[in-house]
Amino acid sequence: MAVKTVLESVHDTLWKAMEEDNRVVIMGEDVGAKGGVFRVTAGYLEQFVENRVIDTPLAELAIIGVGIGMAANGMLPVCEIQFADFIHPAFDQIVSEAARIRYRSNNAWGCPMVIRAPYGGGIHGALYHSQSVEAFFAHVPGLKVVIPSTPYDTAGLLYSAIHDPDPVMFFEHKRTYRLIKGEVPDNLYKIPIGKADRKREGRDLTIFTYGLMLHYAIEAAERVAKDGISVEIIDPRTLVPLDIDMILESVKKTSKLLIIHEDNEFCGFGAEVAAIVADKGFAWLDAPIKRLCGPNVPAMPYNHVQQEWFLPGVEDIEAAIRELAEF
Amino acid sequence: MAVKTVLESVHDTLWKAMEEDNRVVIMGEDVGAKGGVFRVTAGYLEQFVENRVIDTPLAELAIIGVGIGMAANGMLPVCEIQFADFIHPAFDQIVSEAARIRYRSNNAWGCPMVIRAPYGGGIHGALYHSQSVEAFFAHVPGLKVVIPSTPYDTAGLLYSAIHDPDPVMFFEHKRTYRLIKGEVPDNLYKIPIGKADRKREGRDLTIFTYGLMLHYAIEAAERVAKDGISVEIIDPRTLVPLDIDMILESVKKTSKLLIIHEDNEFCGFGAEVAAIVADKGFAWLDAPIKRLCGPNVPAMPYNHVQQEWFLPGVEDIEAAIRELAEF
Amino acid sequence: MSIVERVGIDTRVAGSTLDHRQLGLTEDDLLKMYRCMVLARRLDERSEQIQRQGKAHFYISCRGHEATQVGCAYAMEAGKDWFLPYYRDFGVLLTIGVTPRELLLALFAKKDDPASGARQMPAHFGHRKLNVYTGSSPVSTQIPQATGVAYAHKYRGEDAVTYVSFGEGGSSKGDFHEGLNFAAIWKCPVIFVCENNGYAISVGLEKQMAVEDVASRAIGYGMPGVVVDGQDILSVYQVMKEAVERARRGEGPTLIEAKTYRIVPHSSDDDDRLYRTREEVEVYRTEQDPINRLKFYLLGNRITNEEHLQGIEREVLAQIDEAITWAEQQPDPVAEDAARYVFAEE
Amino acid sequence: MSIVERVGIDTRVAGSTLDHRQLGLTEDDLLKMYRCMVLARRLDERSEQIQRQGKAHFYISCRGHEATQVGCAYAMEAGKDWFLPYYRDFGVLLTIGVTPRELLLALFAKKDDPASGARQMPAHFGHRKLNVYTGSSPVSTQIPQATGVAYAHKYRGEDAVTYVSFGEGGSSKGDFHEGLNFAAIWKCPVIFVCENNGYAISVGLEKQMAVEDVASRAIGYGMPGVVVDGQDILSVYQVMKEAVERARRGEGPTLIEAKTYRIVPHSSDDDDRLYRTREEVEVYRTEQDPINRLKFYLLGNRITNEEHLQGIEREVLAQIDEAITWAEQQPDPVAEDAARYVFAEE
Ligand SMILES: Cc1ncc(C[n+]2csc(CCOP(=O)(O)OP(=O)(O)O)c2C)c(N)n1
Ligand SMILES: Cc1ncc(C[n+]2csc(CCOP(=O)(O)OP(=O)(O)O)c2C)c(N)n1
Ligand SMILES: [Mg+2]
Ligand SMILES: [Mg+2]
């Protein structure tokens, strides 16, 4: 098994999936000659024919709309939105269309497509190159929402997404692209969409988190471990479908829940997790359900001082753990 | 004070606000000669000049985008989206633009506009003329989200919205348009945005709800009152800013919370209310926080049997109250 | 300066200025076309009645658009080509073989409606077997989707063609712009048909666009733009046929704008007296009625006689009545089934 | 068939084929224009250095677009007219009076950046006093907004004109379509300027559109479409001036497409060797360089001499250096202030 970055993991998985199956094509802005602004598709244009590595016009609505049509007609498009921040022009095509092709046709038609987008902050991307958008899509029945956080999960989930019969939103935290490395099998493999992963075992407190924050949380958990605080970390991997059972099981054991995400708190994904646990896990709770999230401002500012102000850091997480553990 | 429907309340308030202030204009599809598909602006074209009652092309992105420009340049546009279901083509202009004009310019620019849209089901509108969209926008810092449920609240909140310095999403439940009547003062008046209203006093259990469901909840509360169950009903009136204090105060008293909305449950607005209470109101809770919401399907079907299946009804609410009260 | 080809326009006469033989149409074809138009018209009228009787919640009409719809569909190959029609396209569906029974299942919101199992309103078409892709309410979303469908045909080297339609109102949306541009770049075999009836619900042309022809936008994408008299089925068939052949030859998309008129309100929720005069409507109910125009051609050229046409009428009405009786008795969907198919079932 | 007016195109010569006096420009005007172009260029080069030194996270360039930008801005009335520039428009901002100091505050992400207080990346312009509306990253969103700004001027009977720009890449988006259509219908006094540099990051024209000219889309909206040699400031000034006058007279919007070229990578994150040849770039660095072209005109027509131009260079560099030293020392924003202005403060 080779050690790869998250970026390499996406690159290699897509590549092999295209080699394996002609129905798979990628489309997006700058995916061709440039190989993508993050170089996810570097070398693809040389390897595959031009009409499988489709450099699109600067038109997100069309990227998704055209992809829906391809998916209707036997192809397996993997659409790239250059930055998750730029997905909104395609919101209608995703929410009103892709998400409900199957439902509205009473199962006559499907929409097997993947919509990939790098998201998240910490790279001085400012208001429009840093955002988290998962909460919008998680609210939409008919969309699967996947957020892998390690190279291994990325490869297995991406391959599953490509062959899923329904539309999958696939969000990659751009800060993890080169930062996070890990072992990845050489062959294509699937990780089932809808299964969470216990990234750390613990007894005192459960953390629910994903993306860059997952890695921060692991670091914070190691720190507090020295003081005997035992933290369990649940990485949902897919927000929809959500592996509610694993979350509840963990809370049943620890009786305390801390939810962390980078997206702003109000109506963020963490609210749903809190709501589920406040209902189904109420009897086991020993403390208020806590959230540590991005502040409720439109997005993180450019200047480094204010960017740091926005992003929860390892220290913030550590402090939140300690406070909740002591409750 | 005259008794008016919700529809009449919108009609009259907008009319008077336009009479009072030249900066106010309305724009949208069919708002002119037709007077709007719900006849909210009936008679406007005859009363006001054509360029204040702007029949736009069928282009929601432009309705909002152009409105933002008007707002930048001294006008107070009231943009109508014909059905909330059709707001998504304008999602980028609302979320990336209107919502953060002030923030991104560090307060140099503002965006005083109102975006009105009829939402909600129960009128055989099927998948695309029935949806609730408030959860998307409530997640977006920089937008105020108002959902009045009575003629009185509608008039006072709409007038506040028009003169609010920031963009206000103003959602009117279309089923309430002609169904709900109530007294409305003749003059223009403001209800502050951000203040909830206790629509019913009670001791045993708190219901948080708005829109059509508010009226169903009141009915259900009357029914259970006969059996000695005392229900308090909080109508937030504005989802953003949310009057958290009033919710917590009520839960402190009743120790039980039932959240009801028509929008589908997963990541719906109710999740945020549950999350807040599961944190800040944890100590007072005597029972799991319950949600009674639309099911997690793309939207309500057309056929009456399936439409009814989707919509929570008075009986469903009654049952949920009884169950929670007994906990 | 004219930047669009104009076919049949400015010659709005009774009948047609074209000769069907030169278009490769037999007399039998003409009668089939006539039958399709009458079928669409009568089904429409009966649907309106049904809605008025309170047996359906919603009804939307194709009335006035029949020549455009039947003429377009007749130039396509049913079973092979693909369709992304908009809500008025009853004439298209009936011509390619969707039955009145199937359409009435949607009107009555019955379980077996092939489009959506009554999840959607009537006129939200879809027919898997006949390659009619599922449609929705937000206008124009089907336009880039049609480009994608056509891309797939081209990708696999198949010569199927995709038909997609929308009103002139729908041409104001970004979907139109992005969908046409993409199709032109990749020379996708798709025909964009704009049924320009002069109104987007109540909004007249002068508030929708500052140009005379939607087709004039084609030049900005790099595809032919053709304006055709949408009341004259022969003209429509001619331009559509050319566009389809062009697409099959791999030469890319075409934008066709059919000037037409809807002679009834927008839908059962509309009152068109609020925004247009009765005189204007009357013209399209009489000499400019598309069925009258074909009838005039058929009779004028002695292709058939009144009696035969009345026979068609009777036969069509009988078929529709039978279908109504049948459809009305079909079962409603099961409530709990509304939970299904959010995702594929294992 | 040409459906756009073409100005200065196909005559890409050193200098210009136009005569500045016929455009109503004095020699002093020409020197001011020259100074603005040089100022934009040198500021750009110094900004690139600063970014490379690690003192800024991001840099994006106007290099190659100066004639288009300065030529357009020079035809507007600063302080009265409104601007919705896109991220390359440093030349526009400098011409209307935004100072290098102000632009450098954004580059260094300093608290007093008038555009955003360093909340946004550099080149996300905004300047309340000079009517430069706040810009964002999603391309083309400013287009319908500009229509709205112009609508308001017209609504109040003011004769201010609105400038809005975007790349040819941005013209592919629905915002372009919807914004131009709306402006044409309501004859809003707005000039749409497309700076067509042949690439949307790495995507060349043939994958962006199947037409030669973005301006050919104007006819589909009902407004004039003009293609101009964007390397020739006199040609740009001429077409812009006409468009502005037209708008002031109440005759509505114009779409201007300036054919230009960016001679550096898209931004500090780009490597343009991946998608274009050095030879191609070289042409625009030399004979087609917009500054060289004006210089050639000035010297060829003996309006000034090398020495004077060098004086301008020196003076500009001194101004920039002073501004850099100053801006670098300005304070960062305060962390907690990032919580402010989500909504208006009471
Ligand atoms: C995005 C969107 N906005 C608004 C509507 C409401 N609506 C339905 S049909 C229609 C008018 C369509 O006019 P046109 O495209 O000209 O087609 P026609 O009905 O005239 O055939 C409108 C505004 C919609 N369905 N979708
Ligand atoms: C909606 C959106 N999608 C993608 C991007 C990323 N992006 C930034 S600039 C750019 C290319 C713009 O090209 P063009 O409009 O031709 O302007 P140029 O940079 O060439 O001047 C892209 C794809 C964006 N900013 N916004
Ligand atoms: Mg129409
Ligand atoms: Mg460009």
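The values are calculated or read from the model by the stated rules, or taken from the named source; none is laboratory data. None of these values were measured; they are calculated from a predicted model. Note: ideal-geometry Cβ built from the backbone for every residue, glycine included; neighbour counts use all protein chains shown.
For this structure, a couple of remarks:
- Meets criteria (more than 23 Å from C:Asp270 (Cα to Cα), modelled with pLDDT under 95 and of a type in the set (Val, Ile, Thr)) for B:Val49: yes
- Filter pass, C:Tyr199 being more than 15 Å from ligand 3 (Cβ to nearest atom) and either over 26 Å from A:Val95 (Cα atoms) or within 8 Å of another protein chain (Cβ to nearest Cβ) (or both): no
- Restricting D:Arg293, D:Arg302, D:Arg340, D:Arg273 to those that are of a type outside the set (Ser, Thr, Tyr) and within 14 Å of chain B (Cβ to nearest Cβ) reduces the list to D:Arg340.
- Complete set of residues in region C:194-227 that are among the β-branched types (Val, Ile, Thr) and near ligand 1 (Cβ under 10 Å from one of its atoms): C:Ile201, C:Val203, C:Val214
- Filtering region D:150-189 to residues that are among the hydrophobic types (A, V, I, L, M, F, W, C) and under 24 Å from C:Leu205 (Cα atoms) leaves D:Ala150, D:Ala152, D:Phe176, D:Leu180, D:Phe182, D:Ala183, D:Ala184, D:Ile185, D:Trp186, D:Cys188.
- Some residue of region C:324-333 being touching a residue at least 12 places away in the same chain (Cβ under 8 Å), surrounded by fewer than 16 Cβ atoms within 10 Å (Cβ to Cβ), within 14 Å of chain A (Cβ to nearest Cβ) and touching a helix residue (DSSP H, G or I) at 6+ places or on another chain (Cβ under 8 Å): yes
- Screening D:Ala152, D:Ala115 for residues that are free of Cβ contacts under 8 Å to residues at least 40 places away in the same chain, away from chain C (no Cβ under 14 Å) and either in contact with an Asp or Glu (Cβ under 7 Å, 6 or more places away or on another chain) or closer than 23 Å to D:Thr325 by Cα (or both) leaves exactly one candidate, D:Ala115.
- Inside region D:209-231, residues that are over 21 Å from the mean Cα position of the chain (by Cα) and closer than 21 Å to D:Val283 by Cβ make up a count of 1.
- Every residue from region D:206-229 that is in a helix (DSSP H, G or I) and of a type in the set (Val, Ile, Thr): D:Val214, D:Ile219
- Only one entry in B:Phe91, B:Phe83 is at pLDDT 95 or above and more than 7 Å from every other protein chain (Cβ to nearest Cβ), namely B:Phe83.
- Candidate set: region A:263-308, residues that are of a type in the set (S, T, N, Q) and at the interface with chain B (Cβ under 7 Å from one of its Cβ atoms); chosen: the one farthest from B:Gly268 (Cα to Cα): A:Asn296
- Subset of region C:99-117 [buried (at least 24 other Cβ atoms within 10 Å of the Cβ) and under 21 Å from A:Gly110 (Cβ atoms)]: C:Ala106, C:Asp113, C:Ala115, C:Ser116, C:Gly117
- Among the candidates C:Lys187, C:Lys207, residue that is over 28 Å from D:Glu251 (Cα atoms), surrounded by fewer than 24 Cβ atoms within 10 Å (Cβ to Cβ) and of a type in the set (D, E, K, R): C:Lys187
- All conditions in (1) over 22 Å from C:Ile3 (Cα atoms); (2) within 15 Å of ligand 4 (Cβ to nearest atom) hold for D:Val214, with the sole exception of (1).
- D:Thr17 meets all of the listed conditions (1) closer than 13 Å to D:Arg293 by Cα; (2) part of a helix (DSSP H, G or I); (3) of a type outside the set (Asp, Glu) but one, namely (2).
- Residue check for D:Tyr163: more than 25 Å from D:Val70 (Cβ to Cβ) and away from chain C (no Cβ under 13 Å): no
For every residue, the table says whether it meets (1) touching a Gly at 6+ places or on another chain (Cβ under 6 Å); (2) surrounded by fewer than 17 Cβ atoms within 10 Å (Cβ to Cβ); (3) more than 24 Å from C:Glu346 (Cβ to Cβ).
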site	(1), (2), (3)
A:Ile162	no, no, no
A:Phe170	no, no, no
A:Lys174	yes, no, yes
A:Tyr177	no, no, yes
A:Val184	no, no, yes
A:Asn187	no, yes, yes
A:Ile193	no, no, no
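- Scanning region C:249-298 for residues that are in contact with a Gly (Cβ under 9 Å, 6 or more places away or on another chain) and part of a loop (DSSP other than H, G, I, E, B) yields a count of 10.
- Taking the criterion of being closer than 18 Å to B:Arg100 by Cα and over 11 Å from the mean Cα position of the chain (by Cα), the residues of region B:139-161 that qualify are B:His139, B:Val140, B:Pro141, B:Gly142, B:Leu143, B:Ala161.
- Breaking point among (1) of a type in the set (A, V, I, L, M); (2) in contact with a strand residue (DSSP E or B) (Cβ under 9 Å, 6 or more places away or on another chain); (3) more than 27 Å from D:Gly79 (Cβ to Cβ), for B:Met113: (3)
- Single residue of region D:39-96 satisfying the filter (part of a loop (DSSP other than H, G, I, E, B) and within 14 Å of chain A (Cβ to nearest Cβ)) that is nearest to ligand 3 (Cβ to nearest atom): D:Tyr86
- Residue within region C:147-160 that is within 19 Å of the chain's Cα centre (by Cα), buried (at least 24 other Cβ atoms within 10 Å of the Cβ) and within 16 Å of ligand 3 (Cβ to nearest atom) present: no
- Selection over region D:245-287 of residues that are within 20 Å of the chain's Cα centre (by Cα), more than 16 Å from ligand 2 (Cβ to nearest atom) and surrounded by 21 or more Cβ atoms within 10 Å (Cβ to Cβ) gives a count of 3.
- Residues located in region C:127-154, provided they are on the phi < 0 side of the Ramachandran plot and either among the basic types (Lys, Arg) or assigned to a loop (DSSP other than H, G, I, E, B) (or both): C:Arg128, C:Lys129, C:Leu130, C:Tyr133, C:Thr134, C:Gly135, C:Ser136, C:Ser137, C:Pro138, C:Val139, C:Thr141, C:Lys154
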